[in-house]
Every structure is written in C-alpha cells, then in structure tokens.
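This report refers to the structure that appears directly beneath it.
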Amino acid sequence: YVGGITGGIMYFWTNGCTRLTATFESLINSGNVHAEMDYAGGISGYMAGDVGGFGGSMSWCIYDCENSASVVGNANVGGLFGGFRNGEAGGNAFARNQVTIDGCKSTGELSGSANVGELIGLDEIVR
C-alpha cells in the first residue's frame, strides 16, 4: 500500500455494541505517488474498517481532503484512496457501517491498469 500521507489505515473491532468513528479532515497531498504494485492513493493506499459483534458499528467521516499530485500504480488507484474496505468481522448482519465523503477532490493525473477512480480506486463492501 502506497499513499501520499499514509500507506494504509486499518481498524478491526470484534467486541460488538460499540460505535467507532474515524474522522479525516483537511488532509492535503501535493507530492506524486508511485506504486510498483496495487493500491496507490493520494491520501492513503488502503483503508479498512471492520466491526463485528451484535450491534457494533463503524463510521468513516472524510471531509475537505484533496490531492493535486499524480498517482500511479498497477491496480486499485484512486485520487484519495487506492482501496477502501468497509465491512463486518465475522459476517455480522446486525452491524451498521457508514461512509461519508464530503467536500473532497482530486485534480492530479491518475494511471493504473484496473480499478482507477477519481476518489476511490476499489470500494469493497464485505458482508
């Protein structure tokens, strides 16, 4: 995982009945990102959050982040995030996960062989 600010951010919680919130605000990258393999992003190469257990939930809040640099990788290349995984540990159907992205933009050139997106290269929802 290669990113302009961080390679990867992962959070896993399995005790249930917990509400977790990860907030990213006003992150700005202007340095070029080059990955030899998969998962390259202007902010982060990969982000993952899984919450398991009865009634657990995870919220990702991403506000006013921007990338103005070029991002190059093999597959899963995004202006903000190369890959984004949101799901429940253990396949818990009762967990409630939410992703909010507001006021974000990417103006840099993007290049990859598969799953290239202006904000997110690969958005993976796991149930």
**OP:** Mind giving me the nanometre distance, one decimal, between the label points for Lys105 and Arg85, set 7 Å out from Cα along Cα→Cβ?
**Re:** 3.2 nm
Subject >> Residues with amide H under 5 Å from that of Ile9, placed H, sequence gap 5 or more >> reply: Tyr46, Met47, Ala48
Original post:
Using θ = phi - 60° and the Karplus curve 6.51 cos²θ - 1.76 cosθ + 1.60, what whole-Hz ³J(HN,Hα) does each residue of the stretch 74-79 get, with Gly and Pro shown as x?
Top reply: 6, 10, 6, 10, x, x
**OP:** Mind giving me the nanometre distance, one decimal, between the label points for Met37 and Ser68, set 7 Å out from Cα along Cα→Cβ?
**Re:** 3.2 nm
Subject >> Amide hydrogen neighbours beyond the local backbone of Cys104, cut-off 5 Å, H modeled >> reply: Asp64, Cys65
**OP:** May I ask you to derive the FRET efficiency for Glu124 and Gln98 from their Cβ-Cβ distance with R0 = 22 Å, giving the value to the nearest 0.05?
**Re:** 0.90
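Bear in mind these aren't lab numbers, they're just calculated from the coordinates by the rules spelled out. This structure is a prediction, so every number in the text was calculated from the model and none was measured. So basically every Cβ, Gly included, is an ideal-geometry build from the backbone, and we count neighbours across all protein chains shown.
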